[in-house]
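Working notes, structure below.
The values are calculated or read from the model by the stated rules, or taken from the named source; none is laboratory data. A quick note: this is a predicted structure, and the numbers were derived from the prediction, not measured. Here the Cβ positions follow ideal geometry from the backbone for every residue, glycine too, while neighbour counts run over all protein chains shown. For accessibility, only protein heavy atoms count, side chains too; no ligands or nucleic acids. Shrake-Rupley method; radii C 1.70, N 1.55, O 1.52, S 1.80 Å.
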Amino acid sequence: MAIKVIAQRRVLKIGKNPGVKKFVMRPDLYIPVQEKKVFSEASTHSGINAGVIKAAWDAAGEVIRTWATEGHSVPLPGLGTMRFGVRSKAVEELDDVKTSLITTRRIVFTPSVDVKDELKNTSIQITCLDEDGNVLKRVTSSDDAEVEDESLTPDPSPTGEGSDNTGDDNGDDNSGGSAGFETGN
C-alpha cells in the first residue's frame, strides 16, 4: 500500500514568483468509502451483524460528539484521540479578554503511536505530470519518513497571535471543564 501524490507543473499565479512554472504537489484523491461498506467489512471481520455494528457506530458517534463539545479529549479506538479547540489572539490585560479574540474553532486529532508508525512505514508514490496531465515520471519514496506531530510544534508567534491555544504547557489534554477554549500562552 502507498500514499499516492500528484506533482503537476503549473504556472504560479501568486506568491513570491508569479508566472514561474513549478511542480505543485497534491494528494491523488481516493474514492470515499461509504459507511455501508465499513459496516459490511467490520461484520465480516468480527462476525457481528452489520446492523448491530451500525447501531454501535451511531451511538459512539453521538457520545464522542457530546463529550468533545464538553471539552474532553475523546479516544477513537485504534486511531488516537480527538477534541475541539480554538486558535486565538493573546492579550496582556485581563479586561481585553473576550470571545472576539477567538479566530478559529478547530477539531484536533492526535493519532496513536500505532497510526503514526503505520504512516511512517507507508511509502509515497509521486506521479509527475506536465501542464496537460501527461505522465513525465513516477517516483517512490525512500526517505526517513518523518511524521509531523502538531503537539510538538512550537508556537510560531511569540505574541501568541494566531496560535493554537488549546492546551497548556504541562501536557494537559483539556479533559476538564475548559472545553479546550483557553486564551493566551
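Below is a table of values for the structure above.
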| read-out | value |
| --- | --- |
| Which numbered condition G19 misses (of (1) under 19 Å from the mean Cα position of the chain (by Cα); (2) modelled with pLDDT under 90; (3) closer than 30 Å to V139 by Cα) | (1) |
| Sole exception among (1) within 28 Å of K37 (Cβ to Cβ); (2) of a type in the set (G, A, S); (3) in contact with a Leu (Cβ under 6 Å, 6 or more places away or on another chain) for S88, by number | (1) |
| Filter result for the condition that a residue is out of contact with any Pro (no Cβ under 7 Å at 6 or more places or on another chain) and open to solvent by less than 50 Å² (accessible area, probe 1.4 Å), over I53, I48, I3 | I53 |
| Single unsatisfied condition, T104 versus (1) within 30 Å of L129 (Cβ to Cβ); (2) open to solvent by less than 90 Å² (accessible area, probe 1.4 Å) | (1) |
| Among residues of the range 6-45, those that are open to solvent by less than 70 Å² (accessible area, probe 1.4 Å) and within 27 Å of K120 (Cβ to Cβ), counted | 7 |
| Output for the range 112-133, where each listed residue is open to solvent by 40 Å² or more (accessible area, probe 1.4 Å) and either at pLDDT 95 or above or under 18 Å from E148 (Cα atoms) (or both) | V113, D114, V115, K116, D117, E118, L119, K120, N121, I124 |
| Members of the range 56-68 found to be open to solvent by 80 Å² or more (accessible area, probe 1.4 Å) and out of contact with any helix residue (DSSP H, G or I) (no Cβ under 9 Å at 6 or more places or on another chain), listed by number | E62, R65, W67 |
| Pair list, Cβ under 6 Å, 6 or more apart: the range 108-127 residue within 23 Å of R65 (Cα to Cα), other residue of a type in the set (A, V, I, L, M) | F109/M82; V115/L79 |
| Qualifying residues in the range 92-101 (those that are assigned to a helix (DSSP H, G or I) and not small (G, A, S)) - the one surrounded by the most Cβ atoms within 10 Å (Cβ to Cβ) | L101 |
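For (1) modelled with pLDDT under 95; (2) over 29 Å from K137 (Cα atoms); (3) part of a helix (DSSP H, G or I), each residue gets a yes or a no:
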position: K4; (1), (2), (3): yes, no, no
position: F23; (1), (2), (3): yes, no, no
position: I31; (1), (2), (3): yes, no, no
position: T44; (1), (2), (3): no, yes, yes
position: A55; (1), (2), (3): no, yes, yes
position: R65; (1), (2), (3): yes, yes, yes
